[in-house]
Amino acid sequence: NADFARALMSKGIVWIGPPPEAIEAMGDKISAREVAQKANVSMVPGTKDPITDIQEIIDFGNEHGFPVAIKAAYGGGGRGMRVVYSPDEAQEAFDAATREAIAYFGRPEAYLEKYLVKPRHVEVQVFGDSHGNYVYLGTRDCSVQRRHQKLIEEAPAPFLSPGIEQAMGEQAIAVARACGYTNAGTIEMLYVPEHDGHDSMFYFLEMNTRLQVEH
């Protein structure tokens, strides 16, 4: 919580978590995408600004292909998220995602991403110190989920294509560095394995700006 961190720092207490600015930048998924873009990190195609009407959903789907995910900018854990498989589902999904975002997170803003149907969910542990040094410490696979809630996590993530773990680690560090992150954090990636002659790909999804039980 950025406000909590600032309150402590204003009293001269050393805050050992990430800087408040990094918490804010990564807490809003739209601004997190902006940081990742500046760091030249690969991302799932998505919108840069909050959506305001369903025509934006339809246009995005026509350009990038359906299905499309509507996601709460301040959401997480699958809350405030709806998947749109065709234009005639756009209104109902937009209304439901907005309602849930307000109920759970107190903010209605939502953005769009192309919905990858069967990606793997791979997370990378990162650590940064206050002297500009960064490391990544392995991966974990969190693909076994129910309603976008993780059920099983396996570390290290198995069956990654050669070089992919290092590439993920380097991009995770690039995101952490770009927002001036310090201490422990997690970068979430979507990983699409090799198939039908296509190379494997991965995309930045979001960052958890906190110490987690997995650390």
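The values are calculated or read from the model by the stated rules, or taken from the named source; none is laboratory data. Predicted, not measured: the structure shown is a model, and the values here were computed from it. All Cβ positions, even for glycine, are placed from backbone atoms using ideal geometry, and neighbour counts span all protein chains on display.
Looking only at region 11-60, which residues are among the polar types (S, T, N, Q) and in contact (Cβ under 8 Å) with a residue 24 or more places away in the chain?
Asn40, Ser42, Thr47
Under 7 Å by Cβ, and 6 or more places apart or on different chains, what pairs join a residue from region 166-194 that is more than 16 Å from Arg140 (Cβ to Cβ) and touching a residue at least 12 places away in the same chain (Cβ under 8 Å) with one that is charged (D, E, K, R) and assigned to a helix (DSSP H, G or I)?
Here the result reads Ala178/Lys38; Gly180/Glu21, each pair linking region 166-194 to a residue that is charged (D, E, K, R) and assigned to a helix (DSSP H, G or I).
Given Asp141, Asp129, which one is touching a strand residue (DSSP E or B) at 6+ places or on another chain (Cβ under 9 Å) and without any contact (Cβ under 8 Å) to a residue 40 or more places away in the chain?
None of the others qualify; the one that does is Asp141.
Only one of Gln171, Gln166 is of a type outside the set (A, V, I, L, M, F, W, C), within 16 Å of the chain's Cα centre (by Cα) and under 18 Å from Met201 (Cα atoms); which? Steps first, please.
Details: Gln166 fails: within 16 Å of the chain's Cα centre (by Cα).
Answer to the selection: Gln171.
Hey, can you tell me all the residues within region 58-84 that are at pLDDT 90 or above, more than 29 Å from Ala167 (Cα to Cα) and out of contact with any strand residue (DSSP E or B) (no Cβ under 6 Å at 6 or more places or on another chain)?
The answer is Ile58, Asp59, Asn62.
Identify all residues within region 98-126 that are in contact (Cβ under 8 Å) with a residue 60 or more places away in the chain, farther than 14 Å from Gly185 by Cβ and not basic (Lys, Arg); write none if there are none.
Glu109, Ala110, Tyr111, Leu112, Glu113, Leu116, Pro119, His121, Val122
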